[in-house]
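The values are calculated or read from the model by the stated rules, or taken from the named source; none is laboratory data. Everything quoted here is computed from the prediction, not taken from an experiment. A quick note on method: Cβ atoms are made from the backbone with ideal geometry, for glycine too, and the neighbour counts reach across all protein chains shown.
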Amino acid sequence: MRINHDIHIHTFLSNCSSDPEQVPANMIKQAAALGLKKLGFADHLWCKSLPGASNWYRPQDEEHVLQIKEQLPDDLMGIEVLIGCESEYTGEYCGIDAKHAELFDFVLIPGGHFHMVDFVRPKELQSPEELSNLLLERNIASLDFDFIDGLAHPFYILGQTAVMDQICALLRKSDKLKIFLDKAAEKQLSLEINRGYFPQLYGREDAGFHDESLLELLSLAKAAGCLFHFSSDAHNLPDLGSTLKMQAYAEQLCIREEDIYPLFRA
Ligand SMILES: [Zn+2]
Ligand SMILES: [Zn+2]
């Protein structure tokens, strides 16, 4: 299997992208130059009529996110383009429902946006034990949404790089991991292999976070029969297409073409 897709990339429509060059025309051009075959745009979304949005999410509604359709260039340079979204599940509210999901080619629900305190994560839950448990509970619950295609970064907690090795060890030890992986495999939903999983591969030194921690979790997911997609989660042009760099890890994990979620195969 050659990695030839980058699913879950953000454009300048996402409020956390600070790169005005991060627009579809530039991104498609770069993807074509890198030899990618499929791109999945996934800007942050909270649908207008659905309750529970935070102030950060509220302006990023479907009308805002779907502006991307007018931004697409006429010439897609041979790239297959999917218009998706990265919405949110807070444990109480979800930023998308079945009806709104029809507006998109795919829907991802993220795990681990726990930097959104008292929105996605209750502030009293702070220890690695509590965070790893919350991540698995949310992942398991998110799989019940029958309109989603997969989970964005289900094994990564934002803002916790100092203790990610510890969190991964706790995830591996948890009884809930098997429940989560078996459920994802049974439902044939896609688990993301995100650039953020591998600090060393992308040249970062992190004393408390090593690529091996995620590789161990992903090999358990592979053994459970899960499906996957690769994602740069790029918010700027330099990161776009950096999924290609994960090829050696894909081989190490023995991920075959048929282990990729069908919609995301190119
Ligand atoms: Zn995310
Ligand atoms: Zn994202």
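Here are the numbers for the structure shown:
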quantity	calculated
Some residue of the stretch 36-49 being buried (at least 22 other Cβ atoms within 10 Å of the Cβ), under 21 Å from the mean Cα position of the chain (by Cα) and more than 16 Å from ligand 2 (Cβ to nearest atom)	yes
Test: residue in the stretch 167-174 that is within 29 Å of R265 (Cβ to Cβ), at pLDDT 95 or above, within 16 Å of ligand 2 (Cβ to nearest atom) and within 20 Å of the chain's Cα centre (by Cα)	no
Among residues of the stretch 85-122, those that are within 16 Å of ligand 1 (Cβ to nearest atom) and basic (K, R), counted	1
First in the stretch 1-29 and part of a loop (DSSP other than H, G, I, E, B), second anywhere and away from ligand 2 (no atom under 15 Å from the Cβ) and among the charged types (D, E, K, R), Cβ under 7 Å, 6 or more apart	M1/R256; M1/E257; N4/K37; N4/K38
C85 at pLDDT 95 or above and out of contact with any strand residue (DSSP E or B) (no Cβ under 7 Å at 6 or more places or on another chain)	no
When residues of the stretch 145-166 are limited to those that are β-branched (V, I, T) and more than 16 Å from the chain's Cα centre (by Cα), the one nearest to ligand 2 (Cβ to nearest atom)	T161
Flag for F209 being touching a Ser or Thr at 6+ places or on another chain (Cβ under 7 Å) and in contact (Cβ under 8 Å) with a residue 60 or more places away in the chain	no
K37 being away from ligand 1 (no atom under 14 Å from the Cβ) and either among the polar types (S, T, N, Q) or without any contact (Cβ under 8 Å) to a residue 40 or more places away in the chain (or both)	no
Among residues of the stretch 213-266, those that are in contact with a Cys (Cβ under 7 Å, 6 or more places away or on another chain) and within 16 Å of ligand 2 (Cβ to nearest atom), counted	1
Residue count for the stretch 146-160, restricted to those that are out of contact with any Pro (no Cβ under 8 Å at 6 or more places or on another chain), more than 13 Å from ligand 1 (Cβ to nearest atom) and not acidic (D, E)	2
Which listed residue is farther than 23 Å from L191 by Cα, touching a residue at least 24 places away in the same chain (Cβ under 8 Å), more than 16 Å from ligand 1 (Cβ to nearest atom) and aliphatic (A, V, I, L, M), from L125, L50, L143, L82	L50
Test for K29: is it in contact with a strand residue (DSSP E or B) (Cβ under 7 Å, 6 or more places away or on another chain), among the basic types (K, R) and under 19 Å from D239 (Cα atoms)	no
When residues of the stretch 161-204 are limited to those that are among the hydroxyl-bearing types (S, T, Y) and not in a helix (DSSP H, G or I), the one farthest from ligand 1 (Cβ to nearest atom)	S174
Search result, residues across the stretch 215-249 that are part of a loop (DSSP other than H, G, I, E, B) and either crowded, with 18+ Cβ neighbours inside 10 Å or within 16 Å of ligand 1 (Cβ to nearest atom) (or both)	C226, S232, D233, A234, H235, N236, L240, G241
